[in-house]
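Report on the following structure.
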Amino acid sequence: MTMPAFDLARPTSVRQAADLLASPGARLIAGGTDLVPNLLRGIERPTLLIDLGGVQDLAAIAYDGRDLMIGAGATLARIAGDERIARDFAAIAQAAHEVAAPAHRNAGTLGGNLCLDTRCVFYNQSEWWRAANHWCLKRGGDTCHVAPQGQRCHAAFSGDLAPALIALDAQVEIASAAGTRRMPLAELYRDDGAAHLTLAPGELVAHVHVRKRDALRSGYRKARVRGGIDFPLAGVAIALAMDGECIARLRVALTGTNAQPLALPETDAFIGRRIDTALFAELAKRVAKAVSPMRTTVTASNYRRQVACVLARRLVADLAAS
């Protein structure tokens, strides 16, 4: 596998990066832990790579005790090791620590993990392998090998940071040549494995903003084939507040099972309820209904659904006990 030819630009500001991104065939690169393998496989063939390593504003982490701002260029290792984040936004630090291996976390960034390409055993292969299998709906073909009778791509989103941030009601700051805008992080995604990001051409993720909520506990858990390196077969983030022995607030977000990270709907229905066997059964039923794992990994789809249910139950129990 060889790297395709491309031009390389090194902007020093977000505005310069956004201006360059407006060029046809341009792609952003930071840590490159996801993009570089795709370049070597022939999946991606950009004409221009924009190296964000020199944009200092994107690497910033700022916290005033109430509002947390993390730049898209902050490495996962920095996020995982930040004591302030671990204390007040535990799910974020835990999710960053669970990504791949130490070398990946030292290079990989928040923005890269949030914009991670969707994955499938029929897609993340060498060019000759994909050609021998008539490509796939996500790139170059007209058939999704996971669901041949359908007309949509089922490649799964497998980023770890997105569910943690969604559970904490984070907002994402989007930059372009026209300026910046904010929106809930959940709105960055759509349920389409071939085009899972809602970013318009020329837009990039610049910063993420999270507000601290008093008495809110949070955490992240994932299941994978191996204890390190692997993407999640299923991942669950939860933010929980208790009023005595009853739930005062509950947010659940999931990854690894769908083409987008998703928030479990209607969790306000759990407010005022005690954490007991009946609640666990209802939570598991709702998670099983929300997730839709497909044959995108080497592990059975129903196993991944069951794992998501178990992770959710265990994490709620652990947070309540803490």
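The values are calculated or read from the model by the stated rules, or taken from the named source; none is laboratory data. None of these values were measured; they are calculated from a predicted model. Methodologically, a virtual Cβ is constructed for each residue, glycine included, from the backbone with ideal geometry; neighbour enumeration extends over all protein chains shown. The accessibility values were calculated without ligands, DNA or RNA, using every heavy atom of the protein model including side chains. Shrake-Rupley method; radii C 1.70, N 1.55, O 1.52, S 1.80 Å.
Here the Debye sum runs over all C-alpha atoms of the stretch 211-286 as equal scatterers in vacuum, and log10 of I(q)/I(0) at q = 0.18, 0.22, 0.24, 0.25 Å⁻¹ comes out as -0.82, -1.07, -1.17, -1.22. One decimal place: the segment A86-S13 gains 23.4 nm when fully extended, by the rule 0.36 nm per residue minus the C-alpha distance.
The ratio of the alpha-carbon radius of gyration of the chain to the globular-protein estimate 2.2 N^0.38 Å is 0.99.
Taking the 1.4 Å solvent-accessible surface of the chain as the whole, the part contributed by carbon and sulfur is 52%. Look at the alpha carbon pairs under 8 Å that are at least 6 residues apart: their mean separation over the length of the chain gives a relative contact order of 16 percent.
Along its first, second and third principal axes, ordered by size, the stretch 261-301 spans 39, 20, 11 Å in Cα coordinates. Residues considered: G111, G73, G244. Largest GNM mean-square fluctuation over the chain, using C-alpha springs under 10 Å, is found at G244. Helices that extend 27 Å or more along their long axis by alpha-carbon positions and average at least -1.0 on the Kyte-Doolittle scale are, among the DSSP H runs of the chain, 301-321. Among the trypsin sites (Lys or Arg not before Pro) in the stretch 244-322, those placed in a DSSP loop whose Cβ has at most 16 other Cβ atoms within 10 Å are R273, R295.
The tail of the calculated P(r) for the stretch 135-286 beyond 21 Å holds 55 percent of all Cα-Cα pairs. The residues packed around V291, meaning those with a beta-carbon under 13 Å from its beta-carbon, carry a net charge of +4 if Lys and Arg are +1 and Asp and Glu are -1. The residues of the stretch 1-133 present an accessible area of 45 Å² per residue when probed at 1.4 Å with all protein chains retained.
For the stretch 215-322, GluC sites (Glu not before Pro) meeting the loop criterion (DSSP other than H, G, I, E, B) and having at most 13 other Cβ atoms within 10 Å: E245, E266. Across all Cα pairs in the stretch 19-77, the calculated P(r) in 5 Å bins from zero up to the longest distance comes to 4, 16, 21, 20, 16, 11, 6, 4, 2, 0 percent per bin.
Can you give me the Cα centroid spacing of the stretch 63-116 and the stretch 160-181 in angstrom? Centre-to-centre (Cα) distance: 14 Å. If you take all other residues with their beta carbon under 14 Å from the beta carbon of A175, and give Lys and Arg +1 and Asp and Glu -1, the sum is -1.
When you work out D = kT/(6 pi eta Rh) for the stretch 17-150 at 37 °C and 0.692 mPa s, using the Kirkwood radius from C-alpha pairs as Rh and the Stokes-Einstein form, the result is 196 µm²/s. Once the other residues with Cβ under 11 Å from the Cβ of W135 are scored (Lys, Arg +1; Asp, Glu -1), what is the net sum? That works out to +1.
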